[in-house]
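See structure below.
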Amino acid sequence: MARERRETSLEARAVAAQRAYVEALAELERTVHIANCPACRPDGTMECEHILRCSSAEAEKERRRVFFRDLCDELGYVPVGHGIALPAVHCPSQPRAG
């Protein structure tokens, strides 16, 4: 029973880590998009600022990926994502679907 409780707790932590990793992926995608899209890029932002933001988002994504991977290694499997998905993002330079 204690082992089952430990695995459930570990699985819950792994699912939470997976959610955090997906959120970091979405943030990285959004950050890179803003840095490269003329319609979304704020006026007056210097290139070095975009590079720093992209590097920081990449580092955070990687940190979360490693944490998630380590929990999965400890758990022995990759837990089901429980509805985890990347959020839809709209760019003003693209027409809306539907």
Checking L75, L86, L28, L71 in turn, the sole residue that is modelled with pLDDT of 95 or more and touching an Asp or Glu at 6+ places or on another chain (Cβ under 8 Å) turns out to be L28
Starting from residues that are under 24 Å from D73 (Cα atoms) and either of a type in the set (V, I, T) or touching a strand residue (DSSP E or B) at 6+ places or on another chain (Cβ under 8 Å) (or both), keep the ones in segment 6-50 and report whichever is surrounded by the fewest Cβ atoms within 10 Å (Cβ to Cβ).
T8
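The values are calculated or read from the model by the stated rules, or taken from the named source; none is laboratory data. Keep in mind that what you see is a predicted model, and the values were worked out from it rather than measured. For neighbour counting, all protein chains shown are included, and Cβ atoms are generated from backbone atoms with ideal geometry for every residue, glycine included.
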